[in-house]
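Enquirer: I'd like to ask you about the structure that follows.
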Amino acid sequence: MPLMSRFYSALAYPALGAALVLSLPSAYAVSFNVEDDQAHGHWQSMSLTLGEERHFRAVETHSYSDATLSVNATQGVCDLPWLEMRVELDAAQGESRAVDLVPARLRVDERERLNSVAEFITERADNGFYAHFYLNDIDALIADMSDGERIFLGFDQGDEEPWYMTFSLEGAGKALARMQALCQQAS
């Protein structure tokens, strides 16, 4: 099944009891001002601001025309970064909701696979579909990403075959270091 069809299938069958978890700042739910944008190979680093709210992002937009992978941090809590993937949908979504919570696997190059859970989220008036990863050791993943070549993401789909995405890590080390430095400087 094509990737986009799987996203639409996931949107059609929300998990029972899935709660919308928005405890982390939703940097994608509104339009932020992009500042200090800098390219690092296939990655970029930047500041996102809206009024007093400030987020910092390292993002890869090279591997797919309709998907990005990013590591994000928020001013004041720079030590709690989060990993998310965004896939562009055909239309803006009508509501903010948690669509599903699925087992996910992440691996940088041939290193040890990390097991995780990904929460699929939509945001009202946004044409993005988000996968927010819950990781036990994001710092280890960031360290691996900083000197790796590729990151592999796998999502379980119950009885169906899992689907996978691969993102380039060319420039990730510099983008991640700059994102963390920008966050620390602002805090």
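Enquirer: How about the range 96-110: which of its residues are modelled with pLDDT of 95 or more and surrounded by fewer than 16 Cβ atoms within 10 Å (Cβ to Cβ)?
Expert: Pro103, Asp109, Glu110
Enquirer: Taking the range 125-134, which residues are open to solvent by 40 Å² or more (accessible area, probe 1.4 Å) and either touching a residue at least 24 places away in the same chain (Cβ under 8 Å) or under 19 Å from Leu89 (Cβ atoms) (or both)?
Expert: Passing the criteria: Ala125, Asn127.
Enquirer: Next question. If we scan the range 149-161, do we find a residue that is open to solvent by less than 10 Å² (accessible area, probe 1.4 Å), within 27 Å of Gln184 (Cβ to Cβ) and part of a loop (DSSP other than H, G, I, E, B)?
Expert: The answer is no; no qualifying residue exists.
Enquirer: All but one of (1) closer than 18 Å to Tyr64 by Cβ; (2) within 13 Å of the chain's Cα centre (by Cα) hold for Leu89; which doesn't?
Expert: (2)
Enquirer: For the structure I just gave you, tell me whether Ser116 is of a type in the set (S, T, N, Q), assigned to a strand (DSSP E or B) and under 15 Å from the mean Cα position of the chain (by Cα).
Expert: When the stated conditions are applied, Ser116 passes them.
Enquirer: Right, here's the next one. So, of the residues in the range 110-124 that are touching a residue at least 24 places away in the same chain (Cβ under 8 Å) and in contact with a strand residue (DSSP E or B) (Cβ under 7 Å, 6 or more places away or on another chain), which turns out to be farthest from Asp90 (Cα to Cα)?
Expert: Leu114
Enquirer: Restricting the search to the range 52-86, which residues are farther than 23 Å from Phe155 by Cβ, without any contact (Cβ under 8 Å) to a residue 40 or more places away in the chain and outside any loop (DSSP other than H, G, I, E, B)?
Expert: Glu53, His55, listed by residue number.
Enquirer: Turning to a different aspect of this structure: For residues that are closer than 18 Å to Met165 by Cβ, open to solvent by 60 Å² or more (accessible area, probe 1.4 Å) and not basic (Lys, Arg), tally how many sit in the range 112-124.
Expert: Residues meeting the conditions: 1.
Enquirer: Continuing with the same structure: Looking at (1) over 19 Å from Asp144 (Cα atoms); (2) free of Cβ contacts under 8 Å to residues at least 12 places away in the same chain, can you tell me which one Val102 breaks?
Expert: Tallying (1) over 19 Å from Asp144 (Cα atoms); (2) free of Cβ contacts under 8 Å to residues at least 12 places away in the same chain, Val102 fails exactly one: (2).
The values are calculated or read from the model by the stated rules, or taken from the named source; none is laboratory data. All of these numbers come straight from a predicted model, not from anything done at the bench. With ideal geometry, Cβ positions are generated from the backbone for all residues, glycine too; neighbour counts draw on all protein chains shown. Heavy atoms of the whole protein, side chains included, go into the accessibility calculation; ligands, DNA and RNA do not. Shrake-Rupley method; radii C 1.70, N 1.55, O 1.52, S 1.80 Å.
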